[in-house]
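Q: First the structure, which I've put down as C-alpha cells, then a few questions once you've had a look.
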Amino acid sequence: MDAPGIDGTPRAIETAPDDDGHEAQGRGLIGRRIFLAALVIFVAAGMIGLLGVRSATVEGSDGPVSASVRYGRIARGGVAVPYAITVRSDDGFTGPIEITVDQSYLDLFDHNAIEPGPDATTSDGETITWTFEPPPGPEFTVTLDVRIGPSVQWGRTGHTVVAAEGRRIELSHHSWVMP
C-alpha cells in the first residue's frame, strides 16, 4: 500500500511487525510460563483450602484456673471467623468471671452476637470488659458471632485477660487479614 509522503510522492508503508529476535521472544515465553505457573499454584491452593480461614487456640493457666481463646489466625475481609473464650476451674466457680479484650482487636470484626450475653459490660476506651455470673459446673465458654470487617486489611494483635477465682490469665493472639 502506498501513501503520499511529505512532498506528495507515493511512499511504501511496511505492515510486517518488527522482529525483536530470538532472545526477546525467549524472554517473553519465559515470562508467560512463570505467570501461568504462578496462576496454577494460586488456583490449586484455593481448591485445596489453603486460602481459607485458619484458626488457632492459645491457652494459659494459673493454678486450678485455665483459659483458652480460639480465634481466626488467618482470614479475609467479610469472612466469618471463630472467636470463643473458654474458662475452666477445677473446683467450679464461686464468683464472677471477667473477660477483658482490647477494643482495637475487636474493631477487626463486625459483631453479630455474644453468647451467653454478659451480665455487665464496661469499657475504658481501650478495652472492653464483660462480667458473667458464676456458671454451674467447672467450664464456661463465651462465643462471639463475628466476621472480619469487609474493609479491614493486615490484621491486629489482641490481648485477652480472664479473671476468675482470684486468678488472672493473660493471652495474646494475632489475626492476619489477607488482602
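The values are calculated or read from the model by the stated rules, or taken from the named source; none is laboratory data. Just so it is clear, the model here is predicted, and its values are computed rather than measured. Heads up, the Cβs are rebuilt from the backbone with ideal geometry, glycines too, and the neighbour counts pull from every protein chain shown. These accessible areas exclude ligands, DNA and RNA; they are computed on the full protein's heavy atoms, side chains included. Shrake-Rupley method; radii C 1.70, N 1.55, O 1.52, S 1.80 Å.
Q: List the number of the failed condition for residue 165; all other conditions in (1) on the phi < 0 side of the Ramachandran plot; (2) touching a residue at least 60 places away in the same chain (Cβ under 8 Å) hold.
A: (1)
Matching residues to (1) part of a strand (DSSP E or B); (2) buried (at least 17 other Cβ atoms within 10 Å of the Cβ):
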{"site": "72", "(1), (2)": "yes, yes"}
{"site": "85", "(1), (2)": "yes, yes"}
{"site": "88", "(1), (2)": "yes, yes"}
{"site": "100", "(1), (2)": "yes, yes"}
{"site": "105", "(1), (2)": "no, yes"}
{"site": "112", "(1), (2)": "yes, no"}
{"site": "122", "(1), (2)": "yes, no"}
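Q: What are the residue pairs meeting all of these: first residue in region 168-179, first residue surrounded by 19 or more Cβ atoms within 10 Å (Cβ to Cβ), second residue among the aromatic types (Phe, Trp, Tyr), Cβ atoms under 8 Å, and 6 or more apart or on different chains?
A: Correct list of pairs: 173/71; 175/71; 175/105; 177/154.
Let's see how each residue does on (1) assigned to a strand (DSSP E or B); (2) under 30 Å from residue 78 (Cβ atoms); (3) in contact with a Ser or Thr (Cβ under 9 Å, 6 or more places away or on another chain); (4) basic (Lys, Arg):
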{"position": "117", "(1), (2), (3), (4)": "no, yes, no, no"}
{"position": "134", "(1), (2), (3), (4)": "no, no, yes, no"}
{"position": "142", "(1), (2), (3), (4)": "yes, yes, yes, no"}
{"position": "150", "(1), (2), (3), (4)": "no, yes, no, no"}
{"position": "155", "(1), (2), (3), (4)": "yes, yes, yes, no"}
{"position": "158", "(1), (2), (3), (4)": "yes, yes, yes, no"}
{"position": "168", "(1), (2), (3), (4)": "yes, no, no, yes"}
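Q: Test residue 154 against the stated conditions and say whether it is open to solvent by 80 Å² or more (accessible area, probe 1.4 Å), touching a strand residue (DSSP E or B) at 6+ places or on another chain (Cβ under 8 Å), in contact (Cβ under 8 Å) with a residue 40 or more places away in the chain and of a type in the set (Phe, Trp, Tyr). Please lay out each step first, then the result.
A: Values: open to solvent by 80 Å² or more (accessible area, probe 1.4 Å): yes; touching a strand residue (DSSP E or B) at 6+ places or on another chain (Cβ under 8 Å): yes; in contact (Cβ under 8 Å) with a residue 40 or more places away in the chain: no; of a type in the set (Phe, Trp, Tyr): yes.
When the stated conditions are applied, residue 154 does not pass them.
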